[in-house]
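Accompanying notes for the structure given below.
The values are calculated or read from the model by the stated rules, or taken from the named source; none is laboratory data. Just so you know, these numbers come straight off a predicted model, no measurement behind them. Here the Cβ is made from the backbone with ideal geometry for all residues, glycine too, and neighbour counts use every protein chain on show.
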Amino acid sequence: MTEAILPVALALFSVSLLLNLYRVLRGPDIIDRILGLDTLNVNAIAVIVLGGIYMNSSLIFEAALLIALMGFVGTVAMTKYLVRGDVIE
Amino acid sequence: MTLLSVVLLPLIGALLVPLLARARSPLIPAIASGIVTLAALSLLLLQAPTVLSGELITSEWAWIPSIGLSIAFRLDALALFFATLITGMGLLIILYAHFYFAGKPGAGRFYALMLAFMGAMLGIVTSENLLFMLIFWEMTSLVSFVLIGFHSDQRPARRGARMTLVITGGGGLALMAGIVLMGSIVGSFNLTDILAAGDELRAHAHYPLILTLVLLGAMTKSAQFPFHLWLPNAMTAPTPVSAYLHSATMVKAGIFLLARLHPALADTDAWLYSVSTVGMATLLTGAFIAMFKHDTKELLAYSTVSHLGLITLLMGLGTATALVAGLFHLLNHALFKAPLFMMAGAVEKATGTRDMRRINGLWRHMPLLTIMSAITAASMAGLPLFNGYLSKKMFFIESLDANVISPLNWLTPVLAAIAGLFSAAYSFRIFHNVFFNGQPRELPVWPPRKPALGIQLPIILLAAGCLFVGWQAEGIVHGLIRAMATASSGVKAPAYDMGQLHHVGPAFYMSLAALIGGLILYALRERLFELYDQLPPADAREIFEWLMTRAGNGAERFVHALENGSVQRYIALIILTAIIMAGPVLANVVWYGAKPMTPADPLTILGAILMMATAFGVVLGHRNRLFALLLLGSAGLFVTLTFARFSAPDLALTQLSVEVIAVIIMMLALSFLPQTTPVESSRLRRSRDSIIAVLGGLGTGLVSFAIMTRPQDSISDFFLEQSVPGGGGSNVVNVILVDFRGFDTLGEITVLGIAAVAVFALTRNLQLKHRIPNERDQYWASNPHPLILRTMARPILPIALMVSAYIFLRGHNMPGGGFIAGLITVVALSLQYMAGGLAWAHDRMLTSFRPLIGGGILLACLTGLGSLFMGLEFLTSWFGHYELPVLGHIELATALLFDLGVFTTVVGATMLILANLGKLMTVNGPGEEIG
């Protein structure tokens, strides 16, 4: 069951990566782009976890953990820059 | 061991004397220098009986065996004589300098430099390994530069010093090339081997080149024509320096080299003609110019040039008797030239001038000095019974025997006699002009101060030496000089027939003619000076300065043309060079290697396409900086995914953490920059750059492809095998970082620390205009620290720190480690900066980031040093497995401590950068410096 679903799930998430990146590249607004990157982070977490299960390896799960933790900080920095013109005030 | 200490004693003394120079009494550094020199001299003299009996003392320690460099010393009669001359004369100079520098500053510096110079000279004459000797050779050039420019506040001193350095340093380079060539032909740099391979060297096709290079080295050092220029210009040095460098040591180094390499290079026509011609030219030029110099020291300088030419000429003739004559004259020259220099210094000290047109008739004021100078000047002139007479007569005999070019056989003795005539004339002049010749005229110091007995003591000793050598000439020639000639030529020198020195023969008439001619010349001096003044003035110093300025300007223009500060240009040049140099070679390479390719799955292909899309996006959208930064972040994310896909979790973690920090730091920088990049370069230039970039990228990609499709043995296998048994960790990446390549990591964290401190230093006093919004609603949000963000950020800190600790602790065996853990901590802390503000965060945390950096590097170093105490190599890690209560099985490794050092440095450095960049824009930030 899992073996059948995993490739499908991976394929779907890959499509979402593609769409996210399209949003990052096309915009039109800078807010769209930042949101696109943030969603790209979320989907990347999913791809890593699914990939780990698929490859039967738990070693790359930490990468997902770090994206979850640090991707957020990156988004905060960009948003902060956007709304205040400065990251650290 | 003895030889090593002989050389090391003065060098160590040179380091210690400056410490003593602070002592209240100027006597203390003088005595210390004297003791050091005396110790070296006694050590040498203890070896004398062994060495003079014909034995060769050598000692050798390996230094860099792969290039043939070893710390090797040898002592034979030749080396012993030079070494004794260097230390003995050094002792007298120290005594002299103590009185010369009385009441003047800089004595301590002089003693230190003087000892350093002595050590270097001793190194030259006692080295067995020629590469080792080169080090000392260069050292004499450098130390003489400082010594000659001793009065660095005076322009002539600086110019003279620079000229010396350029000429002797340039000669040193030539000598190095010559020695390397010799070494590569013989297969060893040891003198014993090189001297034994003389036939091989002389027969080699490169012999003319080697000879030219070695002679360039020797001739520049020994001030041979046309390189003699530096010597007179070096007279700006304090007199003790002149007396030491130009009578006994530096200028004799070139002669020493000629004598030393005699068996290897001499006895060919090329040697005979080049060396003797240069010697003769120098002899004549020096003797002629010396006569017309009014400055005592300059006269002596040119006379030194001329005497060096005489010795070089004898070295060039190369027969056993010529060697004896040359080496004997070398001893005599040191004995009479040093006291004359000392006399010039003492007279200058007493009268305030060195101009012989003003100093006259000093015999009334300093009778003792008059007598002593009479002896030494007579020796220089070559008056019978004095030592100079004997060696000069030997020279005349050699010139009569020399079969240079058969039709011109008569030329050599004639030229020799002319040179002798001038030499007699200037010897009379310096003595008669200074001590007699009427009354002194307008002396700056009147009446002349009486010179202290101490300053005359070395002069007395050396004058006595002149008399002694003249008296005991036979014993000295047979005992010492013959042994030296034997050591130099490698063949037992035949007994020198001293009897011919007392014959009334052609050589006697030559001497007589020279003396009488010299007297006549001196009597006619006023007329000659007038004639000389009518000669067109050719100031070589100005020509040299002009050349130097031209060369300097040319170099500057060249550098500016090449290095104009444009980074784009540098990158373009580097890539172009790579394309041009590697392109033609790579064009013929089969790109597809034998290794089968990994099958590609659709997901990976999609990922690659997305990653390329982000990269292209950055290129196309780079004018909008925020957008480009955002795309860089996405590119980083895809790189992380790629690492994860190909089972490189460590790289994925590192890539991700670095990416986030880089984005934050660039955002900070972006606050000060325009938001868009204007179009600055022409369309042509952009297309040119695109072509270069595409070619470079394609080339790199293809090369990587070609390498990766080929089977290869890499060092990775070793790392994989040794990771657990050698490093005690199953995470190979981490074991490489903290153990196999621990030294690299140590260097890297040090660089990181330096970079952070540099940011700190640069931003410390940086005043940026307060950025006050010019419109009320310029920003979307009026609250810099929104409540939701603040509330969210706080719980993230402990979670992140826990993750950080987890990643850190498991690092040795699982993906993770100090670097990644450090970055996670930094990200968590910088979130607090962003959410709560710099001031808010700093109220709640310790901000001593610089001590953190230092502490981290120190911890890593100490961990590495710990293994030294255990008798292991630097940074060898140690580990053990333990059963602890509660915790159970645990592995402890020193690598963890090292990693903690990495962690601390990373946290300290990154926080220092972030906080200081953040502070720049913070209106309400803490005023004092952070870190």
Quiz item: Going by the structure shown, is B:Val738 in contact with a His (Cβ under 8 Å, 6 or more places away or on another chain), hydrophobic (A, V, I, L, M, F, W, C), modelled with pLDDT under 80 and buried (at least 17 other Cβ atoms within 10 Å of the Cβ)?
Solution: yes
Practice problem: Only one of these is at pLDDT 90 or above, more than 16 Å from B:Pro815 (Cβ to Cβ) and facing chain B (nearest Cβ under 8 Å): A:Leu35, A:Leu17, A:Leu12. Name it. | Solution: A:Leu17
Exercise. Could you please let me know if B:Ser804 is within 48 Å of the chain's Cα centre (by Cα), within 14 Å of chain A (Cβ to nearest Cβ), in a helix (DSSP H, G or I) and of a type outside the set (Val, Ile, Thr)?
Key: yes
Quiz item: Here are some conditions: (1) in contact (Cβ under 8 Å) with a residue 60 or more places away in the chain; (2) closer than 23 Å to B:Gly470 by Cβ. B:Ala378 meets all but one. Which one does it not meet?
Solution: (1)
Practice problem: Would you check which residues across region B:818-831 are more than 10 Å from chain A (Cβ to nearest Cβ) and farther than 13 Å from B:Thr910 by Cα and list them? | Solution: B:Gly818
Quiz prompt | Whichever residue in region B:485-518 is assigned to a loop (DSSP other than H, G, I, E, B) and small (Gly, Ala, Ser) and, among such residues, is surrounded by the most Cβ atoms within 10 Å (Cβ to Cβ) | solution = B:Ala493
Exercise. Go through B:Val17, B:Val36, B:Val51 for me and flag whichever is in contact with an Asp or Glu (Cβ under 9 Å, 6 or more places away or on another chain), among the β-branched types (Val, Ile, Thr) and assigned to a helix (DSSP H, G or I).
Key: B:Val51
Quiz prompt | First in region A:73-89 and more than 7 Å from every other protein chain (Cβ to nearest Cβ) and part of a helix (DSSP H, G or I), second anywhere and surrounded by fewer than 24 Cβ atoms within 10 Å (Cβ to Cβ) and modelled with pLDDT of 85 or more, Cβ under 6 Å, 6 or more apart | solution = A:Thr75/A:Asp38
Quiz item: Taking region B:813-836 on its own, how many of its residues are among the hydrophobic types (A, V, I, L, M, F, W, C) and out of contact with any helix residue (DSSP H, G or I) (no Cβ under 7 Å at 6 or more places or on another chain)?
Solution: 1
Quiz item: Quick one: which of B:Leu15, B:Leu46, B:Leu19 is over 27 Å from the mean Cα position of the chain (by Cα) and at negative phi?
Solution: B:Leu46
Quiz item: For B:Met666, all conditions in the list (1) within 14 Å of chain A (Cβ to nearest Cβ); (2) in contact with a helix residue (DSSP H, G or I) (Cβ under 6 Å, 6 or more places away or on another chain); (3) outside any helix (DSSP H, G or I) hold save one; what is the number of the exception?
Solution: (3)
Exercise. Would you confirm whether any residue within region B:704-719 is away from chain A (no Cβ under 14 Å), of a type in the set (Lys, Arg) and surrounded by fewer than 13 Cβ atoms within 10 Å (Cβ to Cβ)?
Key: yes
Quiz item: If you check B:Leu630, B:Leu653, which single one turns out to be within 47 Å of the chain's Cα centre (by Cα), surrounded by 15 or more Cβ atoms within 10 Å (Cβ to Cβ) and at negative phi?
Solution: B:Leu653
Exercise. Filter region B:612-625 for residues that are buried (at least 19 other Cβ atoms within 10 Å of the Cβ) and of a type outside the set (Gly, Ala, Ser) and give the result.
Key: B:Thr614
Exercise. Report whether or not B:Ala419 is assigned to a helix (DSSP H, G or I) and in contact with a Phe, Trp or Tyr (Cβ under 7 Å, 6 or more places away or on another chain).
Key: no
Quiz prompt | Residues (over 47 Å from the mean Cα position of the chain (by Cα) and more than 9 Å from chain A (Cβ to nearest Cβ)) located in region B:633-650 | solution = B:Thr642, B:Phe646
